[in-house]
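For reference, the structure is listed below as structure tokens.
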Amino acid sequence: IPVDPFDLVIFGGTGDLARRKILPALFRRYCAGQMPEGSQIIGAARSDMDDAAFKKLVKDALAEFNPGPKPDADQLKGFLAALHYVKVDAMGTDGWKELAGKMREGKVRAFYFSVAPSLFGALAERLHGNGMVDPDTRIVVEKPFGRDLETAKALNTSLAAHFDESQIYRIDHYLGKETVQNLMAIRFGNMLFEPLWNSQYVDHIQITVAETVGVQGRGEYYDRSGAMRDMVQNHLMQLLCLIAMEPPAKFDPDAVRDEKLKVIRALDPVEPGDIVRGQYKADGERTGYLEDVNDPQSKTESFVAMKVHVSNWRWAGTPFYLRTGKRMKARASEIAVVFKETPHSIFDEDAGRHRNTLSIRLQPNEGIDLDVTIKEPGPGGMRLVDVPLDMTFSEALGPEAEVVTDAYERLIMDVIRGNQTLFMRGDEVEAAWAWTDPIINGWEARGDRPASYDSGSAGPEDSLAMMHQDGRRWREIR
Ligand code: BG6
């Protein structure tokens, strides 16, 4: 879908996120022919530099962070020509007039706040004060969107003082992932699944987001957050919403976000006995969590597993098990819908009892897999066995499917198109914090210490026991 020519200002344009994600994503869209003639990208930051120095910084960032072969020289030249830099003091007055002078009438105008949330309010105020905002102007903000309900509300209020909700694009990069959007296509584009998608037929659902990396030099940020704030409150919550929500009437921003919000509001508080927290240990080669964050007393979790209930008509009685952690066995994210056994078996006991499982692999090796029960071949009578109907998207759809668009490419283009479907609305973010706050506050009040787990494992033993108690098992992380 084509986009209109734009002026995109990246506050924090020389920072880590801009260099790693935003600018490479824009470059790839440029190469795909999706950045129209007459568009410009303006880096704005505190550093003293001119256009040429900024272009050099971007060129180096592309060499370092853009995957794949070296960029084509002509394309690189064309892209760099669209870049500019303005030195701006977010808290002061310097640079604002110059920035305002670069804005052009008749272009889509977007401001990416790739800076600490404490600067959001100041930026919003100055954009207004310098006449850079009209009703169609958009702003983009990233997580962490607060660290609890109170701070999230304060951020929402400071943005709402200057922008309408329809102008605010809150990024959760999981929503930009190809397969995460596929969840909606699978659910609402097929007749097959939706009639069974409820507690009458579904025994339980598992959502796993496992990473092999540790805190990766982000110890200071991470230790103040932990897996609950870093992953569950946002990414896992979004996955849960997409799996559990009612069909929206239309694939349009508010219809989708209204349904997601209802799921979050239907979540029961979580009992302390339904959560396991963990911290990874050192192994032969790598240091453990406590060394990584440089605090031998830290009680922050790098792993969390929990049982969650969505208390509504559709899901009453079907638990959702969520887990996410760093330094686990493999990098694997999947959602598994485990169906109930048939109500009655016509076969004798030897045949065994079986269940269908639909698993949706989010990354890597994107695809879906449906375990179907069939007869074990051979003359040995009626014995049943489960076999997977396995569809790996890149095999089913051919090589094009392997060119998976990075989440940031899609999301930035959606900002320019003015499509908010894949962005979080303020009330969603607040509702998610309202649910996580009591959990985190409980740990803090009790001074709970996470269990240790081996690096390269599936997490603490207690998380396995949590499932066993319910007569269930986690799926293997592969
Ligand atoms: C980020 C978290 O939001 O998501 C990181 O802050 C985490 O800690 C990352 O590693 C995972 O994203 P992805 O796209 O690699 O699954």
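Residues are listed down the side, and each one gets a yes or a no for (1) among the polar types (S, T, N, Q); (2) under 29 Å from Gln181 (Cβ atoms); (3) modelled with pLDDT of 95 or more:
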position: Gln420; (1), (2), (3): yes, yes, yes
position: Met424; (1), (2), (3): no, yes, yes
position: Asp427; (1), (2), (3): no, yes, yes
position: Trp435; (1), (2), (3): no, yes, yes
position: Asp448; (1), (2), (3): no, no, no
position: Ser452; (1), (2), (3): yes, no, yes
position: Gly456; (1), (2), (3): no, no, yes
position: His468; (1), (2), (3): no, no, yes
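If a residue has to be part of a loop (DSSP other than H, G, I, E, B) and more than 19 Å from Leu62 (Cα to Cα) to count, how many in segment 1-38 make the cut? Summing the residues that are part of a loop (DSSP other than H, G, I, E, B) and more than 19 Å from Leu62 (Cα to Cα) in segment 1-38 gives 8.
Against the condition modelled with pLDDT of 95 or more, out of contact with any Phe, Trp or Tyr (no Cβ under 7 Å at 6 or more places or on another chain) and among the aliphatic types (A, V, I, L, M), how does Ala351 come out, does it pass?
Numbers: modelled with pLDDT of 95 or more: no; out of contact with any Phe, Trp or Tyr (no Cβ under 7 Å at 6 or more places or on another chain): yes; among the aliphatic types (A, V, I, L, M): yes.
Spelling it out, it is not the case that Ala351 is modelled with pLDDT of 95 or more, out of contact with any Phe, Trp or Tyr (no Cβ under 7 Å at 6 or more places or on another chain) and among the aliphatic types (A, V, I, L, M).
Just name the residue that is nearest to Gly214 (Cα to Cα) out of those in segment 305-336 that are more than 18 Å from the chain's Cα centre (by Cα) and open to solvent by 40 Å² or more (accessible area, probe 1.4 Å). Restricting to residues being more than 18 Å from the chain's Cα centre (by Cα) and open to solvent by 40 Å² or more (accessible area, probe 1.4 Å), the top hit is Lys329.
Of the residues that make up segment 392-401, is at least one away from the ligand (no atom under 16 Å from the Cβ), part of a strand (DSSP E or B), over 26 Å from Lys250 (Cβ atoms) and at pLDDT below 95?
Looking through segment 392-401, at least one residue is away from the ligand (no atom under 16 Å from the Cβ), part of a strand (DSSP E or B), over 26 Å from Lys250 (Cβ atoms) and at pLDDT below 95.
Among residues of segment 366-391 being touching a Ser or Thr at 6+ places or on another chain (Cβ under 9 Å) and open to solvent by 60 Å² or more (accessible area, probe 1.4 Å), the one that is farthest from the ligand (Cβ to nearest atom) is Asp386. For segment 125-146, enumerate the residues that are modelled with pLDDT under 95 and closer than 22 Å to Asp16 by Cα. Matches in segment 125-146: Glu142, Lys143, Pro144, Phe145, Gly146.
Does Ser302 satisfy the condition of being touching a residue at least 60 places away in the same chain (Cβ under 8 Å) and among the small types (Gly, Ala, Ser)? The answer is yes for Ser302.
Condition test on Gly442, is it over 30 Å from Phe6 (Cα atoms), modelled with pLDDT of 95 or more and buried (at least 17 other Cβ atoms within 10 Å of the Cβ)? Against the criterion (over 30 Å from Phe6 (Cα atoms), modelled with pLDDT of 95 or more and buried (at least 17 other Cβ atoms within 10 Å of the Cβ)), Gly442 does not qualify.
There is at least one residue in segment 365-372 that is at negative phi and assigned to a loop (DSSP other than H, G, I, E, B).
The values are calculated or read from the model by the stated rules, or taken from the named source; none is laboratory data. This is a predicted model, so every value here is computed, not measured. Methodologically, a virtual Cβ is constructed for each residue, glycine included, from the backbone with ideal geometry; neighbour enumeration extends over all protein chains shown. Ligands, DNA and RNA are excluded from the accessible area calculation, which covers all protein heavy atoms including side chains. Shrake-Rupley method; radii C 1.70, N 1.55, O 1.52, S 1.80 Å.
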